[in-house]
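Here the structure comes first, spelled out in structure tokens, and everything after it is commentary.
Just so you know, all these numbers are worked out from the coordinates, no wet-lab data involved. None of these values were measured; they are calculated from a predicted model. Here the Cβ is made from the backbone with ideal geometry for all residues, glycine too, and neighbour counts use every protein chain on show.
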Amino acid sequence: MESTGTVLRELRGAQKTSKGVSLYSRYVNRPAGRVFAAGAYRMGLTPNQVTLVSAGFTFAAVAAVALAEPSWRLGFLVWAGLAVGFAFDSADGQLARLTGRGGPDGEWLDHVVDCAKMVLVHSAVLISFHRFAPPPGDGWLLLPLGFLFVAVLTFCAGLLREQLGKAAARTAPVAAGPAAPVSPVRAVALLPADYGVFCLVFLLLGAPSVFRAGYALLAAVHAVFLVAFLAKWFRELRALRAG
């Protein structure tokens, strides 16, 4: 069995491109996932098992939002559970690339867990608003539903863009040019849309009014990003048809 240091070096050489990745994912989540992937490799876990570990941490944190009264302690535990689950979500792909044991079933399971995570986390916020911290007006209850709509549409549209792009590449392969440099400005600009940054808002659960404000601000930012992403993806797919 290889040492942990050796596994970490191999994992660093098996990373996906940093293009289109925010600073949080690049410098926090991926390195944390690399450590978890190395540990999983040493324990003999499969990528799918790591995905289920990720789901366990995430869904436990989500259930706590819906079932427990908001407090500073709860906020920290929820953030920690979501952040660790997100790191394991990175670890499963890294482990798959390291071991060559990835496949369609693993990719499918990963997407199913991601979709369930997005639906449940905003549903849990809605339940928490209703049970423990009634907002000033009933209109606030529409906020988690709107955020849920934005999150799911972004996920589905982005996934479909990726799959249609791959299909077009198989039909009419294009010669690969030099890799575009990673833009630090873009990496910073993408921070508000990063799931890891979204998880930080739960640290504010101890102050319901502040949490609502932070959650509303993130919802608005994600809505702006959705419009920008949809326009970008549509242009890219139309360019593939023209090519």
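Structure above, values below:
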| read-out | value |
| --- | --- |
| Region 87-167: trypsin sites (Lys or Arg not before Pro) in DSSP coil with no more than 15 other Cβ atoms inside 10 Å | Arg101 |
| Summed side-chain charge close to Ala66 - residues other than Ala66 whose Cβ falls under 14 Å, Lys, Arg +1, Asp, Glu -1 | +1 |
| Calculated Kirkwood radius over Cα pairs in Å (choose from (i) 21.3; (ii) 19.4; (iii) 18.6), label | (ii) |
| Between 0 and 90°, nearest 10: helix 208-242 axis offset from the chain longest Cα axis | 30 |
| Structure-based [θ]222 nm, the chain - -39500 (n - 2.57) summed over DSSP H runs of at least 4, per residue, nearest 500 | -25000 deg cm²/dmol |
| Cα gyration tensor category, rounded, prolate or oblate, for region 68-173 with a/c compared to 1.5 | oblate |
| With Cα atoms, 0 to 90° folded angle of helix 47-67 axis to the chain main axis | 10 |
| Tensor-based shape of region 19-89 (alpha-carbon gyration tensor, a/c under 1.5 rounded, otherwise prolate or oblate) | oblate |
| For the chain: relative contact order, % (alpha-carbon pairs under 8 angstrom, 6 or more apart) | 28 |
| Spin-label pair Val119/Ala216, simplified geometry with 7 Å Cα→Cβ offset, distance in nm | 2.8 |
| Charge sum, other residues only, whose C-beta stays under 13 Å from Arg235's C-beta, Lys/Arg counted +1 and Asp/Glu -1 | +3 |
| Cα centroid of region 211-243 to Cα centroid of region 39-82, whole Å | 27 |
| Folded to 0 to 90 degrees: helix 104-131 orientation relative to the chain principal axis, Cα | 10 |
